[in-house]
Amino acid sequence: MRRTDPGGHGPVNGTSAEESAPPSSEGHGPVRYGPPLPDDGLPVLPELAAVLAGAARRGAEEPVGGGPALLDAACGYWERRGLPAPPGRVAAGPGAPALLLALTAALGGDVLVPRPCAAWWAPYARLLGRPVFHVATPAESGGAPDPYALLETVRRVRDEGGDPRLLVLSVADDPTATVAPPELLHETVEAATGAGLHLVSDETWRDTLHAPDATVLLSPAEMLPDRVTVVADLAGALLPAGWPAAVARFPAGATGGALHARVLDILTALGARLAGPVAVAAGHVLDEPEPVTARREAVVRLHARVAAAAHAAVVAGGALARPPQAGRHLYADLEPLRAALGAHGVGDAQELEDFLTARLGMPAPGGHRFGDDLGALRVRFATGPLLGGTDAQRVECLTSPAPLELPHVQRALMSLRSVLDDLRDDAQRWEPPR
């Protein structure tokens with residue numbers, strides 16, 4: 001039987017738009033092409049490079065789940081965020097995907113995710129043969145499903161013989177760059193608890209809030225300590241993407257202890273260990289020394305400014321987008337420009353991806369990569385490519401008091417505005433007279 005999403009987004013029988021999307025002209029199929037996390041575009045912090053270089057002679061294997069020094073650093077990191085955990089409830093892995101794969105395998109059952117969601121969540125469940133069900137998000141933000149749509153989806157899946165056990169969500173979201181309001185998150189967590197689901201909270205972007213004094217970020221683990229596992233990929237704010245490392249914090253109680261042990265078993269079977277030098281670098285950044293925190297704050301400020309300018313260009317060009325609140329990206333809906341895009345042969349998200357990537361000279365993954373409908377004209381823009389084409393230009397952005405006034409940044413933003421403005425003007429010319 002074909003299961004349907006109560007949020008009005010089509011099939012939820014474990015097949016999303018991402019799976020059914022045609023491959024692009026470069027041969028990027030739905031499995032082989034997963035948009036990477038938006039990179040900060042900047043050279044490695046020199047102090048951090050020195051830490052890695054100092055550990056380069058370390059040839060011993062890092063224990064599965066992380067050694068004592070790394071786990072102590074992870075515990076301190078969570079403690080400073082109001083999420084205390086003993087070392088026996090923390091694990092590290094070579095990137096968040098490895099940890100999510102192990103968690104999904106350990107928990108079993110069907111998986112629920114919001115629509116849209118991070119591009120890397122669903123493929124790992126499908127790799128294990130687990131159905132994935134996308135649930136609509138509310139208008140206010142992405143990352144967390146609407147509680148009523150969640151309950152309806154769980155009911156329908158169970159009525160059709162499914163076994164939903166896991167909900168993956170994100171309070172600071174990729175792809176939408178929004179932060180779920182605490183009141184909405186509370187309702188979603190309550191609904192998930194009532195439905196008997198375990199929650200995995202992806203908090204990769206929690207340290208990249210654009211306005212930290214004005215944005216309230218609450219972890220589901222603060223609301224539900226015994227039902228939530230928190231995962232954070234350090235590529236979000238602390239490490240270069242090419243040094244894969246992530247940490248997970250497991251729930252309190254016997255259930256959390258058993259889950260932690262099972263995840264370590266699976267990581268062992270996968271051989272999913274951090275490289276020794278990377279483990280040293282990960283422990284260093286998790287301790288948050290002043291050079292690391294100063295660099296992180298500077299990078300967040302830079303990308304917040306560029307994201308706000310890109311958002312203004314997108315909205316002025318006639319597209320729709322929520323104001324970005326976190327991360328290094330924004331999510332745009334070009335549905336108001338459908339008629340103009342149709343003249344260029346663009347009728348779905350894959351064609352939109354190809355069109356914008358070619359026109360802008362930068363990756364512009366379509367919404368179908370994130371579980372959104374293939375027919376919807378949605379796209380994620382990253383801010384990293386707007387900082388320039390060389391390390392020198394990108395460093396200049398970081399050190400400039402007015403990065404938006406730099407010529408190479410202005411040219412990049414002008415290119416984005418020009419493409420969208422042309423589409424807007426075409427759409428307006430073709431509007432029927434009222």
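The values are calculated or read from the model by the stated rules, or taken from the named source; none is laboratory data. This structure is a prediction, so every number in the text was calculated from the model and none was measured. So basically every Cβ, Gly included, is an ideal-geometry build from the backbone, and we count neighbours across all protein chains shown.
Here are the numbers for the structure shown:
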item	result
Total residues in the stretch 410-431, condition of a type in the set (Val, Ile, Thr) and surrounded by fewer than 14 Cβ atoms within 10 Å (Cβ to Cβ)	0
Residues being buried (at least 16 other Cβ atoms within 10 Å of the Cβ) and without any contact (Cβ under 8 Å) to a residue 40 or more places away in the chain - total across the stretch 394-407	2
Criterion violated by LEU238 - all others in (1) farther than 28 Å from PRO131 by Cα; (2) surrounded by fewer than 24 Cβ atoms within 10 Å (Cβ to Cβ) satisfied	(2)
Filtered residues of the stretch 380-395 (kept if within 13 Å of LEU416 (Cβ to Cβ) and among the small types (Gly, Ala, Ser))	ALA382
Selection from the stretch 55-70 of residues that are within 30 Å of the chain's Cα centre (by Cα) and either of a type in the set (Asp, Glu) or under 17 Å from GLY271 (Cβ atoms) (or both)	GLU61, GLU62, PRO63, VAL64, GLY65, GLY66, GLY67
Positions within the stretch 181-196 being aliphatic (A, V, I, L, M) and crowded, with 22+ Cβ neighbours inside 10 Å, in sequence order	LEU185, VAL189, ALA192
Subset of the stretch 383-423 (residues that are of a type in the set (Gly, Ala, Ser) and either at pLDDT below 95 or within 19 Å of ARG295 (Cβ to Cβ) (or both))	GLY384, GLY388, GLY389, ALA392, SER400
Test: LEU112 is buried (at least 24 other Cβ atoms within 10 Å of the Cβ) and either modelled with pLDDT of 95 or more or not in a helix (DSSP H, G or I) (or both)	yes
Of all residues in the stretch 190-226 being among the acidic types (Asp, Glu) and in a helix (DSSP H, G or I), the one that is farthest from the chain's Cα centre (by Cα)	GLU190
Odd one out for ALA281 among (1) closer than 30 Å to SER418 by Cα; (2) assigned to a helix (DSSP H, G or I); (3) touching a Leu at 6+ places or on another chain (Cβ under 6 Å)	(1)
Single residue of the stretch 252-293 satisfying the filter (under 16 Å from CYS75 (Cα atoms) and not small (Gly, Ala, Ser)) that is surrounded by the most Cβ atoms within 10 Å (Cβ to Cβ)	LEU286
